[in-house]
Structure formats: C-alpha cells, structure tokens
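The values are calculated or read from the model by the stated rules, or taken from the named source; none is laboratory data. Just so you know, these numbers come straight off a predicted model, no measurement behind them. With ideal geometry, Cβ positions are generated from the backbone for all residues, glycine too; neighbour counts draw on all protein chains shown.
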Amino acid sequence: MAEQGLQGKLSLERGVAERPAHRSQPIQSHDSLATLPGAILNLQQTAGNAAVSQLMIQRDDDHSVAAPSKSTTAADEHAKAIVTAAQAETPGIEERAVNAVTAILDTYYPDKKSMVNKVIWVEDLDGLNTKAQGRGPKVTGELQVGRKFITHTTGPNFARHVLQVAHELEHVQQHRDGMGGNKKAPEREFLAFYHEGTATEVPHTGHMGPVMRIKLLNQAIVNYNLLSDDDKKKYEDQHKDLLEKKASYEAKVKPEKTAGEGD
C-alpha cells in the first residue's frame, strides 16, 4: 500500500484472498504494451470504456476512483483472456505478472492509467503494493506485483483482483488529497479496505464471494481501531455500515446445521 504500510495491512494486501490494499526494491519495469501476449493485445484493442463507465469507488470527501453501480458477474472474453495469459507457461512469471496488472488497468481503469507511474515485479511480494512517487496533486504510484497475485489470477479470483487494483489506485488518490505519511496509514487502509470489501464487482469480471469480503472488512476494522478518537468519530457512519455488511456476509457463510445439532 502507499508508504510503508502497516504490518496488519501487509498480511492481507500481500496475503489475503489467495493469499486478500505496501515497500520493496524494483526488479523489472513495464513501459510498453509491446510484449503483451496476442490475446491481451486483442483484449486491449477491443475493450473500450463500456465495462467501467459506471465504475465508482465512493470516497467520503467526494473524491473517487472508478466501481460499478450494478453487477453482471459472468466473466466475458476480456476477463478470460487476461486470466488465460496470466496462467500460460510463457512468458516468464515476472513478465506475466506485470502484463496482467497492466491489462487490468488498460481494460477496466483506462481513465486512471496516468495515476500509475509504472508496474514492476517484486519477487517476495504476495499481492499488490503501491509506492507513492512525488508529492501533491500530481502524485503517481509505482504499482508493485508479486508472485502470489499472478499465481492466483484465476477465474474464481479475478473479480477480486480487479477490485484490488482499484484499492491501489485509491491509495494514489489519497496521496493526492494530502493523506500521505505514516500517521495517515490507518486512515488510508481503513477506507481502501472498506471500499474494496463493499464494492460491487466490475461488470463481466466474475464474482467476489462473502468469505473474501469478510476478510477485507476485517482488515478495515483492524485499521479503524488504530484511528484517533477524532477520526473514529469522523468515520463512525462508515464503520457502522461496514459492521452491518460484514454481518450480512457472515450470515451467508454459516454452515448449515446437520441433523441432531439442535437449534
């Protein structure tokens, strides 16, 4: 996540979900689409903005990064092409990881691409991480991707991975809004995990199940508890909404009672 991040955050952002929103040394950068597999090139040429025109991750200060108001969960050919390329035997895993994140940005967040300075491979990073570059309203993010993200870029996880990229984009916007620095890390992570855990899936990317949503919202709670009293009061409505949604997700995953268990 942006800046050094929290240990709790890193455990999820780099490990939750397949592992489920950050600093390691860059290993490989990606500055062009020339190396993308044919399927991804075709995907990027045909995708357009339709799939994300209504995308909006709401921000409490009315700033936002493009999540959908309505979900069509069946994965389309674009989502399938990204997954197929991610799981192919060639090119190498480093290049496939960078290509997968780049393809997600190009396909689902084309209007936010300028927020990302570059996408690089970091071997020991489990998921995604964003390192802020610069200061003020023109901050960009170095988006880092690790082994666990690419090995888990599969059909069942794809919808969450698309929202995970949005989580990272939100961190760039947060820095632009003056929320940089270690002291603001819990606030950044609370908001990003809250938004990621409650967002509707981007149309045609698949479905993110309640178990993953619970994990994400648990991380939001961890960071909420690290906020100052003033910030807790500031976000008490979001915290209440988070708890209500978490309870609804938990109700969906409770195991069914077997005969003889009682009420």
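Mind checking whether some residue in region 226-247 is part of a helix (DSSP H, G or I), closer than 27 Å to LYS80 by Cα and not polar (S, T, N, Q)?
Looking through region 226-247, none of the residues is part of a helix (DSSP H, G or I), closer than 27 Å to LYS80 by Cα and not polar (S, T, N, Q).
Give region 221-237 a look and list any residue that's crowded, with 18+ Cβ neighbours inside 10 Å and out of contact with any Lys or Arg (no Cβ under 9 Å at 6 or more places or on another chain), or say none.
TYR235
Test VAL98 against the criterion of being of a type outside the set (Ser, Thr, Tyr) and in a helix (DSSP H, G or I), and give yes or no.
Criteria met by VAL98.
Please enumerate the residues belonging to region 149-166 that are over 18 Å from HIS78 (Cα atoms) and surrounded by fewer than 21 Cβ atoms within 10 Å (Cβ to Cβ).
THR151
Quickly run through region 120-139 and pick out the residues that are more than 14 Å from the chain's Cα centre (by Cα) and either buried (at least 18 other Cβ atoms within 10 Å of the Cβ) or small (Gly, Ala, Ser) (or both).
Across region 120-139, the qualifying residues are ILE120, TRP121, VAL122, LEU125, LYS131, ALA132, GLY134, GLY136, VAL139.
Quick check: anything in region 191-213 part of a helix (DSSP H, G or I), of a type in the set (S, T, N, Q), surrounded by 23 or more Cβ atoms within 10 Å (Cβ to Cβ) and in contact with a helix residue (DSSP H, G or I) (Cβ under 9 Å, 6 or more places away or on another chain)?
Checked region 191-213: no residue is part of a helix (DSSP H, G or I), of a type in the set (S, T, N, Q), surrounded by 23 or more Cβ atoms within 10 Å (Cβ to Cβ) and in contact with a helix residue (DSSP H, G or I) (Cβ under 9 Å, 6 or more places away or on another chain).
VAL122 versus (1) within 24 Å of GLY197 (Cα to Cα); (2) in contact with a strand residue (DSSP E or B) (Cβ under 9 Å, 6 or more places away or on another chain); (3) at pLDDT 95 or above: which is the lone unmet condition?
Of (1) within 24 Å of GLY197 (Cα to Cα); (2) in contact with a strand residue (DSSP E or B) (Cβ under 9 Å, 6 or more places away or on another chain); (3) at pLDDT 95 or above, only one is false for VAL122: (1).
Find the residue count for region 87-116, including only residues that are buried (at least 17 other Cβ atoms within 10 Å of the Cβ), in contact with a helix residue (DSSP H, G or I) (Cβ under 9 Å, 6 or more places away or on another chain) and not aliphatic (A, V, I, L, M).
9
Could you grab the pairs with beta carbons closer than 9 Å, sequence gap of 6+ or different chains, first residue in region 235-263 and closer than 17 Å to VAL222 by Cα, second one of a type in the set (D, E, K, R) and modelled with pLDDT of 70 or more?
So the pair list comes out as TYR235/GLU187; HIS239/LYS232; LYS245/ARG213; LYS246/ARG213.
Please determine, by comparing only the residues of region 103-159 that are of a type in the set (A, V, I, L, M) and touching a Leu at 6+ places or on another chain (Cβ under 7 Å), which one is nearest to GLY92 (Cα to Cα).
If we take residues in region 103-159 being of a type in the set (A, V, I, L, M) and touching a Leu at 6+ places or on another chain (Cβ under 7 Å), then VAL145 is nearest to GLY92 (Cα to Cα).
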